[in-house]
Structure formats: structure tokens, C-alpha cells
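Below is one structure, written out as C-alpha cells, with a few remarks after it.
A short reminder: the numbers here are calculations on the coordinates, not readings from a lab. Nothing here was measured: the structure is a model prediction, and the numbers come from that model. So basically every Cβ, Gly included, is an ideal-geometry build from the backbone, and we count neighbours across all protein chains shown.
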Amino acid sequence: MPDTPPGKGFLGWLGRQVGYVKKAVRADVSQRVYEHRKIEEQPHPESPNLVLRRTTIDEVIERKDEG
């Protein structure tokens, strides 16, 4: 397997990005029943100009039979 992805250069990269967005738009997100995001911030103990941030995402996903 080659180390570089197919489509070298800027146009290859741009094509991959368009493909990623296209796949995301087509994705079915109706299976997600519940989502809760919690963000906690606290100043760094040794350097007050730094902020430590923790993000927690709780999800409930229902998987439906696709048969």
C-alpha cells in the first residue's frame, strides 16, 4: 500500500475534503436519541493565562435493524 493517498497535490486534497463533506451530509443522524455536552474550564494552577478545558459528550444511540 502506498504511503501517500491517491491524488497528489492540492487538487487531490480538495477532492478528498469534498468527499468527506459529501459523506457527512448523507449520513443518517436520526439514530441518535439523546446528546448532552458538558464543558468544564479551570485556570492552570501554575500559569493563570492558560485555561484547562474538558469536554464530555454523553450520547444515547438506538441501532435499528437494517434488514
Quiz prompt | lysines whose Cα lies under 22 Å from that of LYS8, excluding same-chain neighbours fewer than 8 positions away | solution = LYS22, LYS23
Quiz item: What aspartates and glutamates sit close enough to LYS64 to cross-link, taking a C-alpha to C-alpha distance under 12 Å and skipping anything fewer than 8 places away on the same chain?
Solution: ASP28
Self-check item: In sequence order, calculated HN-Hα J values of the stretch 52-64 (Karplus, 6.51, -1.76, 1.60; Hz; x Gly/Pro)
Solution: 8, 10, 10, 10, 10, 10, 9, 10, 10, 10, 9, 9, 9
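Distances longer than 14 Å among the Cα atoms of the chain: what percent of all pairs is that? Walk me through the numbers on the way to the answer.
Details: 1711 of 2211 pairs.
Percentage above 14 Å: 77.
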Quiz item: With a sphere of radius 12 Å drawn around the Cβ of ILE61, what net charge do the other residues whose Cβ falls strictly inside it have (Lys, Arg +1; Asp, Glu -1)?
Solution: -2
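So what's the net charge close to GLN42: Lys and Arg +1, Asp and Glu -1, counting the other residues with Cβ under 12 Å from its Cβ? List each step's numbers first, then the result.
Values: positive: ARG53, ARG54; negative: GLU40, GLU41.
Combined, the nearby Lys, Arg, Asp and Glu give 0.
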Quiz item: Taking 0.36 nm per intervening residue step and subtracting the Cα-Cα distance, what contour gain separates ARG26 from HIS44 on full extension?
Solution: 2.4 nm
Exercise. Would you calculate a helix-derived [θ] at 222 nm for the chain, using -39,500 (n - 2.57) for each DSSP H run of n ≥ 4 and dividing by the full residue count, to the nearest 500?
Key: -9000 deg cm²/dmol
